[in-house]
Amino acid sequence: MDWQTPEDSFPTDFITDAQLRALMGRPPISGGWRDGDPVGERKFVNIGTVTTEQGEEIPNTRIAYESFGELNEQRDNAILVFHALTGDSHLIGPAGPGHPTDGWWTEIVGPGKPLDTDRYCIVAPNVLGGCQGSTGPGSLSPGGHEWGGSFPYLTVRDQVAAAARFATELGIDRFHTVIGGSMGGMHALEWAISHPDRVERLAVIAAPPVTTADQIGLNLVQLEAIRSDPYYHGGNYYDAPDGTGPHHGLATARRLALLNYRSNTELDDRFGRSWQSAVSPLGKGGRFAVESYLDFHGNKFTRRFDANSYVTLVQAMNSHDVGRGRGGVRAALSTLQLPTLVLGIPSDRLFTLEGQDEIARHTPGSLDGDRATRIDSPFGHDAFLIEFALVGAQLERLLKL
Ligand SMILES: CC(=O)SCCNC(=O)CCNC(=O)[C@H](O)C(C)(C)COP(=O)(O)OP(=O)(O)OC[C@H]1O[C@@H](n2cnc3c(N)ncnc32)[C@H](O)[C@@H]1OP(=O)(O)O
Ligand SMILES: N[C@@H](CCO)C(=O)O
């Protein structure tokens, strides 16, 4: 640690990382949005000190968010949308200053669209522990240095508790609907179970009731890819003298993740055994097209995401178990009387349909009874980011109830 603020002078009011960073005179070296970057459409709410389930404290916690549409006078038209692992608050709008990607639900959110901004106020926070404006490992700790590897271990429940405080700060007691896909689906489900009085309708898309051994195993390989990168330094790489972060490990993690975001048949149909930069069909020189695709996405990802946030969020996803301390998954789900859309994708090999069927089976308010609602798509897990018409139609169905 090369610069410290005495703890008693650490500001409890909002202060930007840029202000502290200016004092420290250090440029950021990881991917992800940092204070001092263009704010874009982001807004910020300070929710004070967060105490995690494990008893650690995160002071001066900030949640970044975007909102679309107006909150009405009765404050009963708000829809909360939780994003997936590497998503953020940018539901709609182009990539540009402040936003690394185009909005991920541009076809779903907007005037006259399924989440109609003429009618609803759509609120999308960046998750606690993320790297698009909310407090995370790349934020400054009370010591005045990035948290890095000492950022507290978070659970999905910690993140939902932070989101609830964020909603309270916005003056929203109860949401018309809470929606989430993938990791966001875990948050949406957990929200409905832990805050039943704060939600009227629920949509859980491509997410399980509990993270399974298979999913934890896949996550382990991704975590190890990052942790074994020689530039990881236990998560304390922000000061690396040569400005190098654990980009190789992060890109490898993304390659593996992406394989599970797509179905085997889609990859086969799309790339087959085609070869790029052809030198030899036996593998000398050049690459298979699918290798090039995974390399491309792996490397691109490192420019928009912080490896420490990836570790924090993946570990939080591993913590996901709606039944923990509640008498098991079935007992926890049996409390869900509200209209609930449980949407699954049969070609999803990450969060397989069994998980969504289990949610539907034990959720009294499930729209399609014992079976999750299916959308037929070859795209696998990522279908919720691609099949806008199919996903949108199901959301419209829920919102009408
Ligand atoms: C809520 C959230 O989850 S937000 C996070 C969602 N966004 C992301 O994950 C960002 C990464 N992007 C993706 O995962 C996908 O692009 C999706 C899910 C958003 C959309 O999927 P698709 O439309 O099928 O896009 P696809 O996966 O084919 O990627 C297209 C890119 O791959 C590139 N590409 C395709 N084939 C190859 C290849 N053989 N070699 C190298 N690059 C390739 C394209 O040039 C294109 O590049 P671009 O991003 O610069 O335009
Ligand atoms: N493409 C999504 C998939 C995870 O749900 C993401 O990167 O967040």
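The values are calculated or read from the model by the stated rules, or taken from the named source; none is laboratory data. Computed from a predicted structure; not experimentally measured. As a convention, Cβ positions derive from the backbone with ideal geometry for all residues, glycine included, and neighbour counts pool all protein chains shown. SASA here: full protein model, heavy atoms, side chains in, ligands and nucleic acids out. Shrake-Rupley method; radii C 1.70, N 1.55, O 1.52, S 1.80 Å.
Per-structure values
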quantity	calculated
Selection count where residues are in contact with a Phe, Trp or Tyr (Cβ under 9 Å, 6 or more places away or on another chain) and open to solvent by 50 Å² or more (accessible area, probe 1.4 Å), scope the stretch 213-234	1
Filtered residue count, the stretch 77-100, keeping only those that are part of a loop (DSSP other than H, G, I, E, B) and within 14 Å of the chain's Cα centre (by Cα)	9
Y153 away from ligand 1 (no atom under 12 Å from the Cβ) and either outside any loop (DSSP other than H, G, I, E, B) or crowded, with 23+ Cβ neighbours inside 10 Å (or both)	no
Subset of the stretch 192-212 [open to solvent by 30 Å² or more (accessible area, probe 1.4 Å), in contact (Cβ under 8 Å) with a residue 60 or more places away in the chain and assigned to a helix (DSSP H, G or I)]	P196
Options L343, L313, L267; residue that is within 16 Å of G380 (Cα to Cα), within 16 Å of ligand 1 (Cβ to nearest atom) and open to solvent by less than 10 Å² (accessible area, probe 1.4 Å)	L343
Criterion: at pLDDT below 95, away from ligand 1 (no atom under 16 Å from the Cβ) and of a type in the set (A, V, I, L, M, F, W, C) - qualifying residue of L140, L202	L140
Top-ranked residue in the stretch 170-191 [being β-branched (V, I, T) and away from ligand 1 (no atom under 16 Å from the Cβ); ranked as surrounded by the fewest Cβ atoms within 10 Å (Cβ to Cβ)]	I172
Any hit, the stretch 79-93, residues being open to solvent by 20 Å² or more (accessible area, probe 1.4 Å) and of a type in the set (D, E)	no
Residues of the stretch 30-50 satisfying the condition of being more than 24 Å from L250 (Cα to Cα), of a type in the set (D, E) and assigned to a strand (DSSP E or B)	none
Near pairs, Cβ below 6 angstrom, 6+ apart or cross-chain, from the stretch 249-265 (within 12 Å of ligand 2 (Cβ to nearest atom) and of a type outside the set (D, E)) to any residue that is open to solvent by 10 Å² or more (accessible area, probe 1.4 Å) and not in a helix (DSSP H, G or I)	N260/R349; N260/L350
